[in-house]
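Participant: I am attaching a structure below and will ask some questions about it afterwards.
The values are calculated or read from the model by the stated rules, or taken from the named source; none is laboratory data. All values derive from a computational prediction rather than experimental measurement. Cβ: placed from backbone, ideal geometry, glycine included. Neighbour counts: every protein chain shown.
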Amino acid sequence: MDTIDIISLGAGVQSSTLLMKADRGEFKIDGEVVIPKYAIMSDTGNEPDKVYEWLSFLQSQVKNIEIVLTNNGDIVRDTLKGIENHERFSSVPFFVVNDVPIYEQVLKGYRKVVSEEFGEIIDEPIYEDGELIEVKKKRGILWRQCTRDYKIYPVRREIRKLLGYEPREKVREHVRLWMGISTDEIQRVKPSQVKFIENVYPLIDEDMSRLDCLRWFQENDLPLPPKSSCIICPYHSDEHWLDIKRNDPKAWEMAVNFDKKIRHMPNVNGTVYLHRACVPLDEVALKDNQESFDLFDNECEGMCGL
């Protein structure tokens with residue numbers, strides 16, 4: 001069985017390191033230097049401009065690996081169209097808040113019931129809602145389908161296409177899919193769910209952290225890669241949102257406008273927000289040195305932000 005090596009490219013720090021080192025023949029598998037044939041990037045249509053600029057730089061630098069671009073639509077356009085037309089669209093893990101009314105409980109009377117514990121007949125109190133006491137806010141998060149639909153599935157589809165297979169046709173080759181995950185993201189290491197694909201993690205095999213990846217670019221006199229993630233990703237830390245607000249006005253304006261348009265979604269019981277504070281994005285108090293838990297690495301699985 002032939003083995004085909006392919007890189008899953010996100011054009012962020014780790015996958016860019018993986019691509020550049022692999023192109024230079026710096027990875028070995030079973031003692032032999034292996035250079036993947038392809039690097040596939042699935043574009044959600046919502047990366048910051050600096051990521052697309054960086055992708056052009058990678059294309060100018062890589063000599064031995066063919067960079068292939070694919071997509072499954074535009075995540076922002078598809079989401080807004082689905083909301084407007086009440087059509088199916090991939091769920092993004094937006095934050096939702098519901099109003100939960102709390103009422104005073106008023107004793108209405110009693111009824112005779114058999115006690116489950118002792119088997120005796122007892123008087124069970126019956127209560128009814130009385131005066132409204134308060135309305136509490138209950139927060140939640142929507143189901144995540146975006147990584148699967150805009151990253152994982154398009155890459156798998158492109159692999160089949162590159163190998164010359166039709167949909168659902170059995171793949172005879174063994175594909176090693178190189179994932180740009182570093183030692184500080186070990187929780188993202190997962191086996192492939194497709195029989196003909198084996199996920200491999202060369203950066204982890206070489207004990208490389210994200211800092212090691214950045215250091216590699218510095219040592220080779222190369223510019224540093226940007227972080228790759230959708231502008232509208234709900235998993236951004238407050239630090240990341242503040243960076244967008246200060247340094248990418250175009251992306252910030254787009255995110256703010258998008259946030260306003262997702263407030264009410266079909267089949268969602270509650271009010272929807274892009275930021276975990278469940279207030280409009282342009283009203284969030286983003287401050288320097290503000291403690292903030294970055295959900296991105298912990299939650300956005302698969303190939304996002306690599």
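Participant: With respect to D43, determine if the residue is in contact (Cβ under 8 Å) with a residue 24 or more places away in the chain and charged (D, E, K, R). Spell out the reasoning first.
Facilitator: On the way: in contact (Cβ under 8 Å) with a residue 24 or more places away in the chain: yes; charged (D, E, K, R): yes.
Yes: the conditions hold for D43.
Participant: Sort out which residues of the stretch 74-111 are more than 17 Å from N269 (Cα to Cα) and part of a strand (DSSP E or B), and write them in order of number.
Facilitator: I102, Y103, E104, Q105, V106, L107, K108, G109, Y110, R111
Participant: Right, something else. For the stretch 228-240, indicate whether the set of residues that are in a loop (DSSP other than H, G, I, E, B) and of a type in the set (D, E, K, R) is non-empty.
Facilitator: Residues of the stretch 228-240 that are in a loop (DSSP other than H, G, I, E, B), as a first pass: 228-237.
In the following step, the residues that additionally are of a type in the set (D, E, K, R) were identified as none.
Within the stretch 228-240 (the criterion being in a loop (DSSP other than H, G, I, E, B) and of a type in the set (D, E, K, R)), the answer is no, since none of the residues qualifies.
Participant: Just checking: which of the helices (runs of 4 or more DSSP H) contained wholly in the stretch 151-221 hold 3 or more residues that are in the same structural domain as T70 (by TED's automatic domain parsing), more than 13 Å from S15 (Cβ to Cβ) and in contact with a strand residue (DSSP E or B) (Cβ under 7 Å, 6 or more places away or on another chain)?
Facilitator: Values: elements: 153-162, 202-205, 210-219.
Counting at least 3 such residues, we get 153-162.
Participant: Of the residues D5, D43, which is in contact with a Pro (Cβ under 9 Å, 6 or more places away or on another chain) and either closer than 20 Å to S182 by Cα or aliphatic (A, V, I, L, M) (or both)?
Facilitator: On the way: D43 fails: either closer than 20 Å to S182 by Cα or aliphatic (A, V, I, L, M) (or both).
Among D5, D43, only D5 is in contact with a Pro (Cβ under 9 Å, 6 or more places away or on another chain) and either closer than 20 Å to S182 by Cα or aliphatic (A, V, I, L, M) (or both).
Participant: Then there's this: Filter the stretch 1-38 down to the residues that are charged (D, E, K, R) and in contact (Cβ under 8 Å) with a residue 12 or more places away in the chain and list them by number.
Facilitator: Keep residues of the stretch 1-38 that are charged (D, E, K, R), which gives 2, 5, 21, 23-24, 26, 28, 30, 32, 37.
Of everything in the stretch 1-38, those that are charged (D, E, K, R) and in contact (Cβ under 8 Å) with a residue 12 or more places away in the chain turn out to be D2, D5, K21, D23, K37.
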